[in-house]
1. What number of residues within region 33-56 satisfy the criterion of being open to solvent by 60 Å² or more (accessible area, probe 1.4 Å) and either over 16 Å from G106 (Cβ atoms) or part of a loop (DSSP other than H, G, I, E, B) (or both)?
2. Can you find a residue that is in contact (Cβ under 8 Å) with a residue 12 or more places away in the chain, assigned to a strand (DSSP E or B), surrounded by 14 or more Cβ atoms within 10 Å (Cβ to Cβ) and among the small types (G, A, S) anywhere in region 1-13?
3. Taking R19 as the residue in question, decide whether it is open to solvent by less than 80 Å² (accessible area, probe 1.4 Å) and under 11 Å from the mean Cα position of the chain (by Cα).
4. Search region 95-109 for residues that are in contact (Cβ under 8 Å) with a residue 24 or more places away in the chain and assigned to a loop (DSSP other than H, G, I, E, B) and pair each with any residue that is crowded, with 17+ Cβ neighbours inside 10 Å and among the basic types (K, R) when their beta-carbon atoms are under 8 Å apart and the residues are at least 6 apart or on different chains.
5. Among the numbered criteria (1) outside any loop (DSSP other than H, G, I, E, B); (2) more than 13 Å from S21 (Cβ to Cβ); (3) open to solvent by less than 20 Å² (accessible area, probe 1.4 Å), which single criterion is violated by L80?
Amino acid sequence: QVQLVESGGGLVQAGGSLRLSCAASGSISSINVMGWYRQAPGKQRELVASNASGGSTNYADSVKGRFTISRDNAKNTVYLQMNSLKPEDTAVYYCRIIIPKRDYWGQGTQVTVSS
């Protein structure tokens with residue numbers, strides 16, 4: 001059984017910053033990829049950023065230069081530092097991990113950016 005616990009969402013003014021955290025626990029031998037997705041009302045869920053076990057990262061064009069993903073393998077935790085937030089970043093943010101043979105999703109955390 002694997003559980004993901006997210007934290008760090010909230011309400012922030014445009015231009016502000018937030019840091020999301022996602023801690024994975026349970027029967028985990030190794031995590032191939034840790035990532036963050038988001039879903040705004042009426043829109044499809046989209047990839048925000050991902051971090052592979054080898055260290056490579058991938059970002060959506062809309063967040064490049066503003067968001068930074070990092071991970072602490074010892075703690076099975078992934079972070080998303082979000083700077084220069086914009087109203088269009090408002091969404092529910094989901095953590096996802098990919099381990100051998102399957103993936104897991106967090107419950108989501110709301111991020112609201114006011115103008």
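1. Going through region 33-56 one residue at a time, the tally reaches 8.
2. no
3. No.
4. Qualifying pairs under 8 Å: G106/R96.
5. Unmet for L80, out of (1) outside any loop (DSSP other than H, G, I, E, B); (2) more than 13 Å from S21 (Cβ to Cβ); (3) open to solvent by less than 20 Å² (accessible area, probe 1.4 Å): (2).
The values are calculated or read from the model by the stated rules, or taken from the named source; none is laboratory data. Note that the structure is a prediction, hence the values are computed from the model and not measured. Positions of Cβ are backbone-derived with ideal geometry, glycine not excepted, and every protein chain shown enters the neighbour counts. Accessible surface is based on the protein model in full, side chains and every heavy atom, while ligands, DNA and RNA are left aside. Shrake-Rupley method; radii C 1.70, N 1.55, O 1.52, S 1.80 Å.
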